[in-house]
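Asks: Mind having a look at this structure? Questions to follow.
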Amino acid sequence: MWITADAYADDSSSTGTDANSSVTITDNITDTENLLGSHATEVSDAIAKTEKETGVHVHLLYLSSFNSEQTPQKWASTVLESTKPKANTVLLAVAANDGNLVVAVSSNSDEWLKQQKTVDALSEAAQQQLMESTPNWSGAATAMMGQIAKSKKTSTSSSTVTIGVIAMGVALAAMVVLVVVMVIVRRRREVKKDSEAEIEQASEDGQESADELQEDIQETSSEVDQSGVRE
């Protein structure tokens, strides 16, 4: 069964049954195989909680088959982007008959959510619930949302550490600059003090030389006067 992008868009908020199978369609869930069954409300509540706590919008797509020549990842990404999703939107698409499960993240998401390691973690969390003897379809959705919360928390902690390291680096750089400035100021004061001392010493030496010259002149004058008297 093929589901168009329009059937998955946010404005398709209805619940109904087609001629072939029970279909659950809400703002966030398209379940053509009724795999969620009585857990649909529980999963919807989990979607609302995830959005409130993490800011991530979750959409679930349960089909019998993707019926596409594209790879599941490419197909899911194309479907998601065609809905013009909000920032930080995650799509969990499941093809029950084909055994395909894929997680797609909108291209306008934050970096932590778009990272491949995050997408892989979300896929693994959902996949584990479907590897039981009886696949837990609703559990796959809630497990993925639980991993979203964990990844968000890890991202926030990493950001805090990064900010702390940057702040420490800035403080250290400021301290180094302060030390350098203090050294320069002290050096300038020492140079100024030495210069003043040299000037003072030169002044004293000059005064002594002037005094000695004055004494020599006086002595010479005295000798001349005495010589003239003798004559």
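Every read-out reported here was derived from the displayed coordinates using simple, explicitly stated rules and does not represent laboratory data. These figures come from a predicted structure and were not determined experimentally.
Asks: Give me the extension gain from R189 to E42: residue separation times 0.36 nm, minus the current Cα-Cα distance, reported in nm with one decimal.
Replies: Length gained, R189 through E42: 45.3 nm.
Asks: Also, quick follow-up: How many Å³ per residue does the convex hull of the Cα positions in the stretch 19-108 occupy?
Replies: Looking at the stretch 19-108, the number lands at 98 Å³ per residue.
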